[in-house]
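Inspection log for the structure reproduced underneath, given as structure tokens.
The values are calculated or read from the model by the stated rules, or taken from the named source; none is laboratory data. Bear in mind that the values here come from a model prediction, so they are computed numbers and not experimental data. Cβ sites come from the backbone with ideal geometry, for glycine too, and all protein chains shown count toward neighbours.
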Amino acid sequence: MKYVGIDYGLARTGLAVSDPEGRMAFPLITFFFRDFPDRKALLAALAARIAETGAEAVVMGLPLHADGTESETTRQVRNVTKRIRRRIALPVYFMPELLSSAEALQNMRQAGARADKRRAALDQQAAVCILASFLALPPDRRRLA
């Protein structure tokens, strides 16, 4: 099954996509809020891009505090997830995430990516980390949104 992973942020949103078998995750695109007139336009673009991939499900990173409690960002991600679900007819899963951007940055540094390249692709790589973590879970541990 093919998945799209999303790392939603207040300034940028990164997307990753899996292979058709749902085994590996690859960076796809970063959406910058500044490129859209409002959140509605951004969500329409996200939904269109998800549809273009041919994905069969979406994995949304759910940012939690280290102790597992929710933050203001968590509530925002839940709200955005509801809005995305209205635009696409696919199952949406939550994948708890903690420091996915930090993990992505470390991976990019280890791979030798230049600083300018890291900034441009950080959110896509964070989405890759979220999606890869989800794909590594046994199916019975995956939670629908």
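Got at least one residue in segment 38-55 being in contact with a Leu (Cβ under 8 Å, 6 or more places away or on another chain), under 21 Å from Ala132 (Cα atoms) and modelled with pLDDT under 95?
Kept after step one, since they are in contact with a Leu (Cβ under 8 Å, 6 or more places away or on another chain), are these residues of segment 38-55: 46, 49-50, 53, 55.
Next cut, under 21 Å from Ala132 (Cα atoms) only: 46, 49-50, 53, 55.
Now narrow it down to the ones that are modelled with pLDDT under 95: none.
Within segment 38-55 (the criterion being in contact with a Leu (Cβ under 8 Å, 6 or more places away or on another chain), under 21 Å from Ala132 (Cα atoms) and modelled with pLDDT under 95), the answer is no, since none of the residues qualifies.
Report, by residue number, each residue of segment 33-46 that is of a type outside the set (Phe, Trp, Tyr), in contact with a helix residue (DSSP H, G or I) (Cβ under 6 Å, 6 or more places away or on another chain) and either under 11 Å from Val4 (Cα atoms) or assigned to a loop (DSSP other than H, G, I, E, B) (or both).
If the condition is that a residue be of a type outside the set (Phe, Trp, Tyr), in contact with a helix residue (DSSP H, G or I) (Cβ under 6 Å, 6 or more places away or on another chain) and either under 11 Å from Val4 (Cα atoms) or assigned to a loop (DSSP other than H, G, I, E, B) (or both), then no residue fits.
Run down Leu64, Leu28, Leu15 and say which single residue is under 19 Å from Asp123 (Cα atoms), touching a strand residue (DSSP E or B) at 6+ places or on another chain (Cβ under 6 Å) and surrounded by fewer than 18 Cβ atoms within 10 Å (Cβ to Cβ). Break it down into steps so the answer makes sense when it comes.
On the way: Leu28 fails: surrounded by fewer than 18 Cβ atoms within 10 Å (Cβ to Cβ); Leu15 fails: surrounded by fewer than 18 Cβ atoms within 10 Å (Cβ to Cβ).
Leu64 is the lone residue from the list that is under 19 Å from Asp123 (Cα atoms), touching a strand residue (DSSP E or B) at 6+ places or on another chain (Cβ under 6 Å) and surrounded by fewer than 18 Cβ atoms within 10 Å (Cβ to Cβ).
Which of the residues spanning segment 67-81 are of a type in the set (A, V, I, L, M, F, W, C) and farther than 18 Å from Phe134 by Cα? Working first, answer last.
Start the filter on segment 67-81 by keeping residues that are of a type in the set (A, V, I, L, M, F, W, C), which leaves 77, 80.
The one that is of a type in the set (A, V, I, L, M, F, W, C) and farther than 18 Å from Phe134 by Cα: Val80.
(1) among the aliphatic types (A, V, I, L, M); (2) free of Cβ contacts under 8 Å to residues at least 12 places away in the same chain; (3) loosely packed, with under 12 Cβ neighbours inside 10 Å: which one isn't true of Ala41, the others all being true?
Just one mismatch for Ala41, condition (3).
Out of curiosity, is Ala55 part of a loop (DSSP other than H, G, I, E, B), touching a residue at least 24 places away in the same chain (Cβ under 8 Å), under 14 Å from the mean Cα position of the chain (by Cα) and under 24 Å from Asp19 (Cβ atoms)?
Working: part of a loop (DSSP other than H, G, I, E, B): yes; touching a residue at least 24 places away in the same chain (Cβ under 8 Å): yes; under 14 Å from the mean Cα position of the chain (by Cα): yes; under 24 Å from Asp19 (Cβ atoms): yes.
Considered against the rule, which asks whether it is part of a loop (DSSP other than H, G, I, E, B), touching a residue at least 24 places away in the same chain (Cβ under 8 Å), under 14 Å from the mean Cα position of the chain (by Cα) and under 24 Å from Asp19 (Cβ atoms), Ala55 comes out as yes.
If a residue has to be in contact (Cβ under 8 Å) with a residue 24 or more places away in the chain and either in contact with a Gly (Cβ under 6 Å, 6 or more places away or on another chain) or in a strand (DSSP E or B) (or both) to count, how many in segment 61-77 make the cut?
Residues flagged as in contact (Cβ under 8 Å) with a residue 24 or more places away in the chain and either in contact with a Gly (Cβ under 6 Å, 6 or more places away or on another chain) or in a strand (DSSP E or B) (or both) within segment 61-77 amount to 4.
Looking for something of a type in the set (Lys, Arg), on the phi < 0 side of the Ramachandran plot, at pLDDT 95 or above and not in a loop (DSSP other than H, G, I, E, B) - is there at least one such residue anywhere in segment 11-18?
Step one: of segment 11-18, the residues of a type in the set (Lys, Arg) are 12.
Imposing the further condition that a residue be on the phi < 0 side of the Ramachandran plot reduces the set to 12.
Applying the additional criterion that residues be at pLDDT 95 or above yields none.
Among the residues of segment 11-18, not one is of a type in the set (Lys, Arg), on the phi < 0 side of the Ramachandran plot, at pLDDT 95 or above and not in a loop (DSSP other than H, G, I, E, B), which makes the answer no.
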